[in-house]
Amino acid sequence: MSEVVKVERRDAVAIVIVNSPPVNALSAAVRKGIADGVKSAEADASIKAIVIACAGRTFIAGADITEFGKPPQSPSLHEVIEVIENSSKPVVAAIHGTALGGGLELALGAHFRVATKDAKLGLPEVKLGLLPGAGGTQRLPRAVGPELAVKMIVGGDPIGAADALKNGLIDEVVEGEPAVGGEAFARKVLAEKRPLRKLRDDDSKLAAAKADKSIFTNAAAAANKRNRGLEAPLAAAEAVSHSLDQPFDQALKSERDLFMKLMNGDQSKAQRYAFFSEREAAKVSGVPEGTKPRDVKQVAIIGAGTMGGGIAMSFANAGIPVTLIETGDEQLKRGLGVMQKNYEATAARGGIPADAPAKRMGLIKGVV
């Protein structure tokens, strides 16, 4: 269908495969390729079921955030999800690696979801000062219930395949190649004549919280306990709450309004700037691609002060022996003492094993 999306036919099952490394982000080309692939399978009378899978190391890991702030290109993710959701043939999302952000929102538009046992699924937009903007705040509560949904969206942390299965986010954990597992599940759906499940039309998991609003308000308050001063988590909880008190299409509009307000706000702009800056800072300019790091077996550090001690601890944490050099016994003793206390405090909090302080200090030799 395109350079980044192809369709493989396996008898009565069409496999729509996204191949846009490194993380199969939802660029305009990927969105169009998926929509075209599903439409072509829908139009083919010999195709009875559709599987959406990804090549490489992961399922769709999110939106193409380089498109943020630029004029929108068609089709939008909303439009692609509508194509999937409105298919008259069962659509199975076969997940491996990570299904994050727009990737999980797209999967939520499928009628069924399967995942490999090591897969992670989540909506981390809050970490960019945003909220899910393609129906995630409405479909996820219908998949897992509003309490878990608000926790996942406000916290931004993914859950594993086992938890996803337990809570109804996926229908099955599959072994081996995700596309093969998705195909096998699709054939099972056809054989059992399972009805297509559109999350937008299934309010069964909302019933308890609709009857008793405190179920949701308590979950939202717990999720936002540590988010004082942050706009996105509060807006995300508000968006999820609309799944309980607004019709689906109206709640989608409310979600979009909140998303755009955050997108244009200073907090999200700052958080997105930090996101890109952190990744840029991890790159060393001028180093040719494919350069392999030197094998470091031993390190000497001059100065046992705050900076020298911190660097020494970093190498010791990595299991690399350190010689720490100072100009006098007193300065050396003070520096080693600070490192010892820092390690012991971390162990007391459970951050490292109880025997780690002795092992790591054993790698640091002080000399004058």
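The values are calculated or read from the model by the stated rules, or taken from the named source; none is laboratory data. Keep in mind the model is a prediction, meaning the values are calculated, not measured. Neighbour counts are summed over all protein chains in view; Cβ atoms, including those assigned to glycine, are modelled from backbone coordinates with ideal geometry. All accessible areas refer to the heavy atoms of the entire protein, side chains included, with ligands and DNA or RNA removed. Shrake-Rupley method; radii C 1.70, N 1.55, O 1.52, S 1.80 Å.
Calculated on C-alpha atoms, the gyration radius of the chain divided by its Kirkwood radius gives an Rg/Rh of 1.07. Ignoring lysines fewer than eight residues from Lys193 along the same chain, the ones with Cα atoms less than 19 angstrom from its Cα are Lys48, Lys89.
Taking amide H as placed 1.01 Å from N in the peptide plane, Val174 has its amide H under 5 Å from the amide H of Ala115, Thr116, Lys117, each at least 5 places away in sequence or on another chain.
Cross-link reach is defined here as a Cα-Cα straight distance under 12 Å, omitting same-chain residues fewer than 8 places apart; for Lys120 the aspartates and glutamates meeting it are Asp157, Asp163. Kirkwood radius for region 1-56, taken over all pairs of different Cα atoms as the inverse mean of 1/r, rounds to 11.1 Å. For Arg57 and Lys365, the difference between the fully extended length at 0.36 nm per residue and the C-alpha to C-alpha distance is 106.7 nm.
Taking 7 Å steps out from each Cα toward its Cβ at Lys6 and Ile311 produces label points 5.0 nm apart. Counting only protein heavy atoms and a 1.4 Å probe, the chain has 51 square angstrom of accessible area per residue. Per the Cα gyration tensor, region 299-366 maps to an equivalent ellipsoid with semi-axes of 20, 13, 9 Å, ordered largest to smallest.
Region 11-37 and region 275-293 have their alpha-carbon centroids 29 Å apart.
As an exercise, use a Förster radius of 45 Å and the Cβ-Cβ distance of Gln298 and Asp157 to find the FRET efficiency, rounded to the nearest 0.05. Working from the Cβ atoms, E equals 0.75. Taking a straight Cα-Cα cut-off under 24 Å and skipping sequence neighbours fewer than 8 places away in the same chain, the lysines within cross-link reach of Lys261 are Lys70, Lys127, Lys151, Lys225, Lys253, Lys269. Under a Cβ-Cβ cut-off of 13 Å, what is the net charge of the residues other than Gly351 that fall near it, where Lys and Arg count +1 and Asp and Glu count -1? It works out to a net charge of +1.
Once the Cα atoms are used to define both axes, helix 231-245 deviates from the longest principal axis of the chain by about 30 degrees.
Beta bridges per DSSP, both residues in the chain: antiparallel share near 20 percent.
For the pair Asn19 and Lys225, how long in nm is the line joining their label points, each one 7 Å along Cα→Cβ? Result for the modelled spin labels: 4.8 nm. In this simple spin-label approximation, Ala274 and Ala318 carry label points 7 Å from Cα along the Cα→Cβ vector, and these lie 2.5 nm apart.
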